[in-house]
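Note sheet for the following structure.
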Amino acid sequence: MSPSLEEKSIGEKEVAKETWRVGIDVGGTFTDVVAVGSRSGIRIHKTASTPDDPSVGVLAGVSALAESQGLTIREFLSACTHFVHGTTVATNTLLEGKGATTGMLVTRGFRDAIEIRRGFRENVWDYRTPWPDVLVPRWLRRPVTERVLKDGRIEVEVDRADLDDAIARFKAAGVQAVAVCFINSYLNDANEELCVRYLREAIPDCFVCGSAKLAAVMGEYERSSTAVVNAYIGPRVVPYLRQLDERLSELGMSNRLLLVQSNGGAAFIDDIEQRPVSLLLSGPAAGVGALDYFSGKDGLGGLITMEIGGTSCDVMLYDRGKVGETTRLDIAGYPAITASVEINTVGTGGGTIAYVDAGGMLQVGPQGAGSRPGPACYGLGGTMATVTDAHVVLGRLRPGAYADGSVNIRSELAHGAIAEHVAQPLGLTVEGAAIGIIRLAEQNMLHAMERMSSERGVNPQALTLVACGGAGALHGVAVARLLGCRSVFVPRLAGVFCAFGMCNSNIRHDLIQSCMVELSDETLARISEQVAEREDEQRGRLLESFSSEAIVIDCFLELRYRGQQWTVRVPFFGGTDSKQTLRHRFEEEFSSIYGYVQERNEVQIVAFHLIGKGRFPALALEAAGATAESPQASSTRSIWIDTSTGFVDAPVFSPSKLNPGSRIIGPAVIEELTTTILLGAADMLLVDEGGNYSIQLSISE
């Protein structure tokens, strides 16, 4: 049973003791640590990531932040009520192909389903690109005689001889993980669970999972792929998390480590260790917590985020108070059925490499320089030109120390890398080459933004672009102008946006269950009974850590027209919704996506999706009063703004000189602690009561 997490009890017992919420976001370049104190407000620290062992960077960041508060790491951790971790270990394990040696049990006759796949491609004209390697080689995909019928009845029990033969082969091959994936197990997983128990007894050190427990959905390939991915990453992800949890406990933390899932909610390790597949988007999904906090700001309506770190640009749409969600992920060509925030990612970040290809064309990405050696300007051994180097050449980033001294930017190294790898091959000046790098990078970012907005029928003019991540505010104004947005919002904590979001995350449990029936009042009554039963289970789990007032449970149905492949998700209120109300709700959403409805076609219910949340007390940060003082620039320097403005001697502002109510008219640069904000000509920036930056763009009609 998990310890109680309601902070009010802690506050009542230890009024004098300060408590902390901590968010840790391990990125490709930096590990971000954000601590929100009950009295001290927000404290942040950045340290270089350590890909070989991410826990080294995590503990180094926590230790440095504790020291900055005059505390030992033991004193600091003992005062933590929340310690929330976003990790890229699961994603990197899959992308780098460094997972466990994995075996698979399948129904006899379905051994090759995982390799046959669905047969469709995102680009129907691209038939040359090879499929990614199957994570389980054919000789480790072992058939078992068993059969569950389409109505869930067991026709053939598991053949123990087949099972024993598979176990012997797995032992001989040194298999570290096994996925059990039987046909129709989403209707009845008795055969699967028998094999799971048998395997765990026969091979105690082996990670074993069943497909129906992970994704009780129709679609054998997707369900099997989910189980295989889960097994493949499990032996790499779970031990790391367990060791980190134990180490934090040894250092004085009494509460359990929380992990951000792909759905944007948090969960305990005990809930994650059998389903690490739910961590595939762990880091960027934490932005939901930050959006929930900032969405209440005056003047902010629909939001579209552009989080740019060292390796990528992640885009999320936050419209009508909700972030887009999906139950189908595809990471490097491997599908997984798991509840997830909908994020569109392109490989364009500060560390993305720019180069001239064999055809003489400038390319930016997707290759990156990583945290080591990083951009050339870091002086850590990198020699290739990157987007960060281009910003240095154009005066947007000043030379000197950044991220608490973990990197030191040297302009001569940036000039040298761009001259050698881009300017000279293209016959350009170094400055001209740097401009080309920035413009091409921003086109890549623009395409990612369009896929989440205009291509979905959402008018960008109605959205505020939230520029976050360490590099987001350098590109925010330019990309917003290209997209058609009229305003940009830059959080004061833009460079640690996701780590801050972790401090505002809630516990979340998801359950997805296939049902595949026609929409009717009779089927809705049956589904209502199933939902009520599962809702009681969800509530029981959450009551271990939360009061009933802090628990919220929502249900959604996945609907589609008969004959269609993709579903549309709509809210479901059991006991009150009728066929007519649900069809109306479905067709409203369907029309907004596709622009038409099929009035004569039948609607099918494909699955229901139950979401249980345990809500922590909301973050309450003090706001400062506004001032009418005109801010004074700390310096000026020559900066390239955009193609129409060119190089100008622009004022550079320090955040220490800015107060709520301060206004700045561009062009200008604001050098925040975790990011640098570039303001275009005639753009107006206003500092709000929380120290965040609202920018109104100068739009030429």
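Restricting attention to segment 212-235, the residues that are outside the structural domain of L135 (by TED's automatic domain parsing) and under 25 Å from G287 (Cα atoms) add up to 5. V669 - would you say it is over 25 Å from E533 (Cα atoms), assigned by TED's automatic domain parsing to the domain that holds L685 and within 33 Å of the chain's Cα centre (by Cα)? Spelling it out, V669 is indeed over 25 Å from E533 (Cα atoms), assigned by TED's automatic domain parsing to the domain that holds L685 and within 33 Å of the chain's Cα centre (by Cα). Yes or no: T348 over 24 Å from A266 (Cβ atoms), without any contact (Cβ under 8 Å) to a residue 60 or more places away in the chain and not charged (D, E, K, R)? Taking the combined requirement at face value, the residue does not satisfy it.
Of all the numbered requirements in (1) in contact with a Leu (Cβ under 8 Å, 6 or more places away or on another chain); (2) under 12 Å from V490 (Cβ atoms); (3) charged (D, E, K, R), D688 misses one, and that requirement is (1). Those strands (runs of 3 or more DSSP E) of segment 261-358 in which at least 1 residues are of a type in the set (G, A, S), considering only elements entirely within it, cover 266-268, 302-308, 334-341, 352-356.
Scan segment 137-176 for residues that are β-branched (V, I, T) and part of a loop (DSSP other than H, G, I, E, B) and report the count. The total comes to 3.
Of the residues that make up segment 608-630, is at least one among the β-branched types (V, I, T) and crowded, with 21+ Cβ neighbours inside 10 Å?
The first filter runs over segment 608-630 and keeps only residues among the β-branched types (V, I, T), leaving 611, 627.
Checking which are crowded, with 21+ Cβ neighbours inside 10 Å leaves us with none.
No: zero hits.
Only residues that are in a loop (DSSP other than H, G, I, E, B) and aliphatic (A, V, I, L, M) were counted in segment 639-666, giving 2. Would you please name the residue that is nearest to G264 (Cα to Cα), looking only at residues in segment 328-345 that are of a type in the set (G, A, S) and in contact with a strand residue (DSSP E or B) (Cβ under 8 Å, 6 or more places away or on another chain)? Checked segment 328-345; the qualifying residue nearest to G264 (Cα to Cα) is S340. Filter segment 670-686 down to the residues that are assigned to a strand (DSSP E or B) and touching a helix residue (DSSP H, G or I) at 6+ places or on another chain (Cβ under 9 Å), then identify the one that is surrounded by the fewest Cβ atoms within 10 Å (Cβ to Cβ). For segment 670-686, the residue satisfying everything is E671.
So that you can scan it fast, the table gives a plain yes or no per residue for (1) surrounded by fewer than 21 Cβ atoms within 10 Å (Cβ to Cβ); (2) more than 17 Å from the chain's Cα centre (by Cα); (3) at pLDDT 90 or above:
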position: S312; (1), (2), (3): no, no, no
position: V315; (1), (2), (3): no, no, yes
position: Y318; (1), (2), (3): no, no, no
position: T327; (1), (2), (3): no, no, no
position: A336; (1), (2), (3): no, no, yes
position: I353; (1), (2), (3): no, yes, yes
position: M361; (1), (2), (3): yes, yes, yes
position: Q367; (1), (2), (3): yes, yes, no
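Only one entry in L446, L394, L465, L474 is under 23 Å from V490 (Cβ atoms), among the hydrophobic types (A, V, I, L, M, F, W, C) and touching a Cys at 6+ places or on another chain (Cβ under 7 Å), namely L465. The one condition from (1) at pLDDT 95 or above; (2) not in a helix (DSSP H, G or I) that A417 does not meet is (2).
The values are calculated or read from the model by the stated rules, or taken from the named source; none is laboratory data. Worth saying up front: this structure is predicted, and the values here are computed from it rather than measured. Quick reminder, even Gly has a Cβ in these numbers, built from the backbone with ideal geometry, and neighbours come from all protein chains shown.
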